[in-house]
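First up is the structure itself, then whatever we jot down about it.
The values are calculated or read from the model by the stated rules, or taken from the named source; none is laboratory data. No experiment lies behind these values; they were computed from the predicted model shown. Methodologically, a virtual Cβ is constructed for each residue, glycine included, from the backbone with ideal geometry; neighbour enumeration extends over all protein chains shown.
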Amino acid sequence: MSADVKLQQASLTEVRTPLLVVNLFEAAERPGGATATIDQALDGLLTRLIEDGEISGELGEVTVVHNQMDRSRLAADRVAVVGLGKRDDFDLEAVRVAAASAARRVRDLRLSRFATIVHGTGAGGMDARLAARAVVEASLLALYSYDQLKSPPERPTVAVEEITLVERDSERAERFEAGAREARLVADAVGLARDLSQGPGNLVTPTVLADRARQMAESRGVACEVWGKDELREKGMNAILAVNAGSVQEPRFVTLRYAGGGPEARTLAVVGKGITFDSGGISIKPAEHMENMKHDMSGAAAVIGFVQLAADVELPVNVLGIFAATENLPSGSSYKPGDVIRAYNGRTIEVNNTDAEGRVILSDALAYAAEQEPDAIVDLATLTGACVVALGRYASGALGNDEALLGLMRGAGDAVGERVWPLPILREHRKDVESSIADIKNSAGRHGGAITAAAFLEHFVADRPWVHLDIAGTAYTEGQSHVAPYLPKEGATGVGVRLLHEFARRWAGV
Ligand code: BES
Ligand code: MN
Ligand code: ZN
């Protein structure tokens, strides 16, 4: 139900549309470029609004005016002027914020379509393909809504069905089309990850998550293997089984193999945490906000979305996607504080807190990934509340054993607006996870919680180059006011899909 994207090769004043989006830099005294053309057609209305201070050009500001002129002068019914912010701060993220703000306003106005220029390609001097991708991607992501569980009268009756990019120059129009095509695939993959993460725990069970991964794989010619309890027992994946012990839902272990690079190319393993509901288990969580723990499979959702995207854009790398899925619930059969379990790689784990279950299932998943000898491993997990305390909701934590890989991840995050921020793993943090009865313990308490979690995971990557992304703060929003307008105000963000895509491209040198 996502909007169609079209390209119209025409001059701006000719475009027949309910709403045409143009832009303005902050502190601009008068409109320039495309906006100046529209201003002339409106007899200087935009200039007057700027002079009167009603349009400031502040990033994300949207001002809608009705076209009172003859349609032969200006064919659009309305014009929206979106602020691009300060010229000196202008970047692709500003393009995304501007485009998303405009798209949201169109939705609020209940219009079914709109046309827009591609911000940044005039005086902004941006690459046409990248800017077009940013405009379309941010618009589609901003228009996303999870309404499949709403009965018809509650559903939005008018959705934005069509977005038109306007460009007169044919060479540029071609570049726009390429960018728009990529944006569509990106938005679809992020949408899949959001749908899975937003889906309630009773509907998105481990079995369903695995089935959705398989469906995705089958439709794209990606190899997919799904294991249940029997296989996990056979393989000795006791850590996943331990977390699953309190649940009546079967666990799933899913492997996706996308061979986009051929036998010569390097392989990137991406490993996701797939806890479809985290109650904490016997170390039960407080009731308040526990419903958010349906999102505790967002790492797995990112893996599924990224593999889909890799296949759709034909990324020239080999991707090994892995996730372990289970609920974490208390019952008479649950794993308990004090239990010791032996993970897939033979390491023994003392469970001193059953709520630190993410690292427990990741122990088996990472050890399995490492055994496949990939050239790098990235894991994504809504792993610790401590990471949310440390970084808030505007950046994912990034930890690992390879500075170059971490640097690459940071650059990728900055480029796509899914920022990551490094946290160290110090010798003492490694000591913190040592156990008196087993090799390691799963909880080292509150201090440096995001770091000790990573120090635990490090035991399972067999010295492969590895980045751990703690997405606990970034996987969903809770109505906070400063998140980007292309993210939902409340609910799953689909974080990780765009980040992995950009990271994989840079890693593969494409
Ligand atoms: N899924 C949670 C982490 C989490 C918290 C994600 C808040 C998103 C928002 C994880 O399984 C967990 O419970 N971690 C514990 C670890 C502790 C027991 C060492 C935590 O962060 O409190
Ligand atoms: Mn937990
Ligand atoms: Zn969890």
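Taken as a whole, the condition of being buried (at least 23 other Cβ atoms within 10 Å of the Cβ), under 20 Å from Val416 (Cα atoms) and in contact with a Phe, Trp or Tyr (Cβ under 9 Å, 6 or more places away or on another chain) applies to Val497.
Within the stretch 299-312, not a single residue is over 30 Å from Thr477 (Cα atoms), away from ligand 3 (no atom under 13 Å from the Cβ), among the hydrophobic types (A, V, I, L, M, F, W, C) and surrounded by fewer than 23 Cβ atoms within 10 Å (Cβ to Cβ). Do we have Gly321 as away from ligand 3 (no atom under 15 Å from the Cβ), assigned by TED's automatic domain parsing to the domain that holds Glu234, in a helix (DSSP H, G or I) and among the small types (Gly, Ala, Ser) here? No; evaluated as a whole, the condition is false for this residue. Would a scan of the stretch 398-414 turn up a residue that is assigned to a loop (DSSP other than H, G, I, E, B) and within 20 Å of Phe503 (Cβ to Cβ)? Yes - at least one qualifying residue is present in the stretch 398-414. Annotation: of all residues in the stretch 275-292 being aliphatic (A, V, I, L, M) and in contact (Cβ under 8 Å) with a residue 40 or more places away in the chain, the one that is farthest from ligand 3 (Cβ to nearest atom) is Ile282. Applying the criterion of being free of Cβ contacts under 8 Å to residues at least 40 places away in the same chain and hydrophobic (A, V, I, L, M, F, W, C) to the residues of the stretch 60-113, the residue that is surrounded by the most Cβ atoms within 10 Å (Cβ to Cβ) is Ala94. Inspection of the stretch 177-190 finds a residue satisfying the criterion of being closer than 21 Å to Tyr476 by Cα, β-branched (Val, Ile, Thr) and within 21 Å of the chain's Cα centre (by Cα). Among the residues in the stretch 314-329, are any of a type in the set (Asp, Glu), under 30 Å from Trp507 (Cβ atoms), away from ligand 1 (no atom under 13 Å from the Cβ) and within 22 Å of the chain's Cα centre (by Cα)? Yes: the stretch 314-329 contains one or more residues that are of a type in the set (Asp, Glu), under 30 Å from Trp507 (Cβ atoms), away from ligand 1 (no atom under 13 Å from the Cβ) and within 22 Å of the chain's Cα centre (by Cα).
Here Gly60 meets each of (1) closer than 21 Å to Phe114 by Cβ; (2) over 30 Å from the mean Cα position of the chain (by Cα) with one exception, condition (2).
So how many residues does the stretch 333-364 have that are more than 16 Å from ligand 1 (Cβ to nearest atom) and either within 30 Å of Arg505 (Cα to Cα) or crowded, with 24+ Cβ neighbours inside 10 Å (or both)? Of the residues in that region, 1 qualify. Close Cβ contacts (under 7 Å, 6 or more residues apart or on different chains) running from residues in the stretch 411-422 that are of a type in the set (Lys, Arg) to residues that are buried (at least 16 other Cβ atoms within 10 Å of the Cβ) comprise Arg419/Ala395; Arg419/Gly413.
Residues in the stretch 349-372 include at least one that is part of a strand (DSSP E or B), in contact with a Ser or Thr (Cβ under 9 Å, 6 or more places away or on another chain) and within 16 Å of ligand 2 (Cβ to nearest atom). Among residues of the stretch 386-399 that are surrounded by 21 or more Cβ atoms within 10 Å (Cβ to Cβ), those with a beta-carbon under 8 Å from a residue that is at pLDDT below 95 at least six positions away or on a different chain give the pairs Ala386/Arg446. The set of residues in the stretch 373-397 being away from ligand 2 (no atom under 16 Å from the Cβ) and assigned to a helix (DSSP H, G or I) consists of Ala390, Leu391.
To keep it simple, each residue is scored yes or no on (1) in a loop (DSSP other than H, G, I, E, B); (2) within 13 Å of ligand 2 (Cβ to nearest atom); (3) within 14 Å of Gly321 (Cβ to Cβ).
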{"position": "Leu256", "(1), (2), (3)": "no, no, yes"}
{"position": "Glu264", "(1), (2), (3)": "yes, no, no"}
{"position": "Val270", "(1), (2), (3)": "no, no, yes"}
{"position": "Ile275", "(1), (2), (3)": "no, yes, no"}
{"position": "Gly281", "(1), (2), (3)": "yes, yes, no"}
{"position": "Ile284", "(1), (2), (3)": "yes, yes, no"}
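Exactly one residue out of Ala386, Ala367, Ala381 is more than 20 Å from the chain's Cα centre (by Cα) and within 14 Å of ligand 1 (Cβ to nearest atom): that is Ala386. For the stretch 153-164, the condition holds for at least one residue, the condition being that it is of a type in the set (Ser, Thr, Tyr) and surrounded by fewer than 24 Cβ atoms within 10 Å (Cβ to Cβ).
Looking at the stretch 345-372, I want the residues that are of a type in the set (Phe, Trp, Tyr) and have a partner that is assigned to a loop (DSSP other than H, G, I, E, B) with Cβ atoms under 7 Å, at least 6 apart or on another chain. Which pairs are those? Between residues of the stretch 345-372 that are of a type in the set (Phe, Trp, Tyr) and residues that are assigned to a loop (DSSP other than H, G, I, E, B), the close pairs are Tyr368/Tyr344. Being surrounded by fewer than 22 Cβ atoms within 10 Å (Cβ to Cβ), of a type outside the set (Asp, Glu), within 18 Å of Arg194 (Cβ to Cβ) and in contact (Cβ under 8 Å) with a residue 60 or more places away in the chain is the filter here; which residues of the stretch 448-484 pass it? The answer is Thr477, Gln480, Val483, Ala484.
Among the residues of the stretch 345-366, just one is under 29 Å from Gly332 (Cβ atoms), in contact with a helix residue (DSSP H, G or I) (Cβ under 6 Å, 6 or more places away or on another chain) and more than 16 Å from ligand 3 (Cβ to nearest atom), namely Arg347.
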